1. Out of all the residues in the range 34-44, which are in a loop (DSSP other than H, G, I, E, B) and in contact with a strand residue (DSSP E or B) (Cβ under 8 Å, 6 or more places away or on another chain)?
2. Of all residues in the range 192-233 being of a type in the set (A, V, I, L, M) and surrounded by fewer than 17 Cβ atoms within 10 Å (Cβ to Cβ), which is nearest to residue 164 (Cα to Cα)?
3. Of the residues 180, 145, which is touching a strand residue (DSSP E or B) at 6+ places or on another chain (Cβ under 8 Å) and either surrounded by fewer than 22 Cβ atoms within 10 Å (Cβ to Cβ) or closer than 29 Å to residue 23 by Cα (or both)?
4. Using the structure shown, decide if residue 18 is under 15 Å from residue 95 (Cα atoms) and small (Gly, Ala, Ser).
5. Among the residues of the range 2-17, is any in a strand (DSSP E or B), in contact (Cβ under 8 Å) with a residue 60 or more places away in the chain and over 25 Å from the mean Cα position of the chain (by Cα)?
6. Where in the range 230-279 are there strands (runs of 3 or more DSSP E), lying wholly inside it, with at least 2 residues that are of a type in the set (Phe, Trp, Tyr) and touching a residue at least 24 places away in the same chain (Cβ under 8 Å)?
7. Select, from 250, 236, 211, 273, the only residue that is out of contact with any Asp or Glu (no Cβ under 7 Å at 6 or more places or on another chain) and modelled with pLDDT of 95 or more.
8. Give the range 90-107 a look and list any residue that's part of a loop (DSSP other than H, G, I, E, B) and free of Cβ contacts under 8 Å to residues at least 60 places away in the same chain, or say none.
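The values are calculated or read from the model by the stated rules, or taken from the named source; none is laboratory data. Keep in mind that this is a model prediction, so the values were computed, not measured. In this analysis, Cβ positions are derived from the backbone assuming ideal geometry, glycine residues included, and neighbour counts consider all displayed protein chains. The protein model used for the area step is the full one, side chains on, heavy atoms only, and it has no ligands, DNA or RNA in it. Shrake-Rupley method; radii C 1.70, N 1.55, O 1.52, S 1.80 Å.
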Amino acid sequence: MRLAFMGTPDFAVPALRALVEAGHELAAVYSQPPRPAHRGKKLTPSPVHQLAEQLGLEVRTPVSLRGEDEKAAFAALDLDACVVAAYGLILPRAVLDAPRHGCLNVHGSLLPRWRGAAPVQRAILADDAVTGVTIMQMEAGLDTGPMLLKGETPVAGKTAGALTEEIAEMGARLMVQVLGDLAAYPPVVQPEDGVTYAAKIDKAEARLDVSQSAEQVERQVRAFNPMPGAFFELDSERLRVHAADIVKSSGKPGTILDDRLTIACAEGAIRPSVIQRAGRPAMPLDDFLRGFPVAAGMVIA
């Protein structure tokens, strides 16, 4: 099929690679414009942009698709379909309708649950047993379009980073499967029952909320790994928690209970197992404590 691909972050990379390996013709790849990144704030192309260039594909990076020139340029591609995965820009009606089979999206949840920007993180925070990916036909609403195919995977114990990688690979396989025989996957309208919205993550949410149970705090750690990173403050220093264990102990929430950095929650306690000081690499707890000793009675913020 003659396709365009729209995507920006690492999540979208497996889908682009899979489409090329499946033999589809990629007329153009759309990605968000290069952004300042790393310490030097050098303008850096997105992961999708970088892969597309490596594959010798045309890359377009408009700041918006709403202009008449951009709409016309897209229509001129004469596409069978457009595949979208975490592109990050709104597609106007003219773009949605231009390809003969419309625009198909790789969405990282089991729709209609977790429509919106942060489905993986919200699934972890909500303690969902399973999540997955939905191949859907795009329409003007926010992830409201009809569904073509789903795949699911257990959530338990996984970080957002690991779960996102797994779902991205699954979505790539399912998209290739759908495009291989569109007639075999008739669109199914999403039910109204079970709709939830995955709001964009606010960095403030990543502060450990010890007014909740240890189980919920541990889910915070996994949901915000790798970004924006769960954290707490101690002795005016922000400490980022990459992994934590639930501990059977109790005390006033926020109080450190021993010299092993066991932190009391509303119910139970957690103990960071991988932790990071500002400007330093993440390290196991034992290594961290050698340079940052703690004592029972200290309180985190």
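1. Applying the first criterion (in a loop (DSSP other than H, G, I, E, B)) to the range 34-44 yields 34, 38-41.
Answer for the range 34-44, where residues must be in a loop (DSSP other than H, G, I, E, B) and in contact with a strand residue (DSSP E or B) (Cβ under 8 Å, 6 or more places away or on another chain): 34, 38.
2. The extreme case among them is 227.
3. 145
4. Considered against the rule, which asks whether it is under 15 Å from residue 95 (Cα atoms) and small (Gly, Ala, Ser), residue 18 comes out as no.
5. yes
6. Numbers: elements: 230-234, 237-247, 269-277.
It comes to 230-234.
7. The conditions single out 211.
8. 90, 92, 98, 100, 102 - these are the residues of the range 90-107 that are part of a loop (DSSP other than H, G, I, E, B) and free of Cβ contacts under 8 Å to residues at least 60 places away in the same chain.
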